[in-house]
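A.B. asks: Below is one structure. I have some questions about it.
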Amino acid sequence: MVLTEEINQYCMEFLDMLESEAFMSFKVSYDLPTNKFTELPAAYKDIVLAMHIGNIFKSSDHIYSYSTLGLGRLLYNIPADEVETYLNNHINIDLLSSLDAETLNLLEAFFDNDLSLAETSRKMFIHRNTLIYRLDKFADLTGYDVRKFSDAITVKLSLMLYNYIRATK
């Protein structure tokens, strides 16, 4: 775990330097160090795959590690027809595609802040009651109240799978 944190810190410093010099945004992916030359092809494959999976499931991040992609790695290996079946049985693909960017950002922030109303409203610079109102609107639209853990899991998975379907088309 310490090695991963050190590599992540090095990547952040590298990205900061690169972005400040080039005035562009960059992303980097890495895997843990290898001990043998023969392991390099597999490590390279993992790094390329980490960038691809990270861009699908964690597009707002700039640093991806194959070993820490967790749920994204698992979902990436599900066949597309199974993904579409899941989405149509839970939150319809058409409904997900009709959501505006503000709602999607709100949901991502809510999930990133561990379903905390106070923390999400603070980080998004909106009043707590405004956040509750918007989450209620989403619940009325979809039938899923993301303040409930089981509904939050369904919505989070659905959003991740929807991004996966969009990226593969």
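A.B. asks: Which of I126, I47, I63 moves most in a GNM of the chain, Cα contacts under 10 Å?
C.D. replies: Checking each option, the largest mean-square fluctuation is seen for I126.
A.B. asks: Anyone know which of K156, K137, K123 comes out most mobile in the 10 Å Cα GNM of the chain?
C.D. replies: K123
A.B. asks: Match the structure shown to one of the listed values [x] 20.2, 82; [y] 18.3, 57; [z] 16.8, 53 of Rg and Dmax of the Cα atoms in Å, computed from it, and give that label.
C.D. replies: [y]
A.B. asks: List, in order, the whole-Hz ³J(HN,Hα) value for each residue of the stretch 8-14 obtained from phi through the Karplus relation with A = 6.51, B = -1.76, C = 1.60 and θ = phi - 60°; use x for Gly and Pro.
C.D. replies: Along the stretch 8-14, the couplings run 4, 5, 4, 5, 5, 5, 4 Hz.
A.B. asks: Let me ask something else. Return the whole-Å distance between the Cα centroid of the stretch 1-61 and the Cα centroid of the stretch 97-164.
C.D. replies: If we compute the Cα centre of each part, the gap is 29 Å.
A.B. asks: Hey, another quick one. Tell me, what is the percent relative contact order of the chain, built from C-alpha pairs under 8 Å that lie six or more residues apart?
C.D. replies: 19
A.B. asks: Largest first, what is the accessible-area ranking of F125, F110 with a 1.4 Å probe?
C.D. replies: F125, F110
A.B. asks: Distance check, please: which entries in K58/K148; K58/K169; K27/K137; K137/K169; K45/K148 exceed 27 angstrom between their Cα atoms?
C.D. replies: Those over the limit are K27/K137; K137/K169; K45/K148.
A.B. asks: Separate question: Mind checking the dipole of the stretch 4-67: about its Cα centre, +1 per Lys or Arg Cβ, -1 per Asp or Glu Cβ, Debye to the nearest 20?
C.D. replies: 320
A.B. asks: How large is ³J(HN,Hα), in whole Hz, for each residue of the stretch 158-169 in order, when computed from phi with the Karplus curve 6.51 cos²θ - 1.76 cosθ + 1.60 and θ = phi - 60°, using x for Gly and Pro?
C.D. replies: Computed from phi, the couplings for the stretch 158-169 are 4, 5, 5, 5, 5, 4, 5, 5, 4, 6, 8, 8 Hz.
A.B. asks: Continuing with the same structure: Work out the FRET efficiency for I165 and S116 from their Cβ-Cβ distance, taking R0 = 45 Å, and round it to the nearest 0.05.
C.D. replies: Computed FRET efficiency for I165 and S116: 0.95.
A.B. asks: While we're on this one: Please give the solvent-accessible surface of D94 in Å², to the nearest 10, using a probe radius of 1.4 Å with every protein chain present.
C.D. replies: Roll a 1.4 Å probe over it and D94 shows about 110 Å².
A.B. asks: How long is the gain from K36 to S150 if the chain were fully straight, where each residue apart is worth 0.36 nm and the alpha carbon distance is subtracted?
C.D. replies: Contour length minus Cα-Cα distance gives 36.6 nm.
A.B. asks: Work out how much length L18 to N55 would gain on full extension: take 0.36 nm times their residue separation and subtract the Cα-Cα distance, in nm to one decimal.
C.D. replies: That works out to 11.4 nm of additional length.
A.B. asks: In terms of solvent-accessible area of protein heavy atoms at a 1.4 angstrom probe, what is the ranking of S158, S20, highest value first?
C.D. replies: So, going from the largest accessible area down, we get S20, S158.
A.B. asks: Leaving out ligands and nucleic acids, and using a 1.4 Å probe, what accessible area per residue does the stretch 1-147 come to in Å²?
C.D. replies: It amounts to 64 Å² per residue over the stretch 1-147.
A.B. asks: Give the carbon-plus-sulfur fraction of the accessible surface of the stretch 58-169 in %, rounded to a whole number; probe 1.4 Å, heavy atoms of protein chains only.
C.D. replies: 50
A.B. asks: Same structure again: If you place +1 on the Cβ of every Lys and Arg, -1 on the Cβ of every Asp and Glu, and leave all else neutral, what size is the dipole of the stretch 29-169 about its Cα centre, to the nearest 20 Debye?
C.D. replies: Result for the stretch 29-169 is approximately 260 debye, rounded to the nearest 20.
A.B. asks: Sticking with this one: Report the calculated FRET efficiency for K45 and D81 (r = Cβ-Cβ distance, R0 = 30 Å), to the nearest 0.05.
C.D. replies: My answer for the efficiency is 0.75.
The values are calculated or read from the model by the stated rules, or taken from the named source; none is laboratory data. Keep in mind that this is a model prediction, so the values were computed, not measured. Cβ: placed from backbone, ideal geometry, glycine included. Neighbour counts: every protein chain shown. Side chains are part of the model used for accessible areas, which takes the heavy atoms of the whole protein and leaves out ligands, DNA and RNA. Shrake-Rupley method; radii C 1.70, N 1.55, O 1.52, S 1.80 Å.
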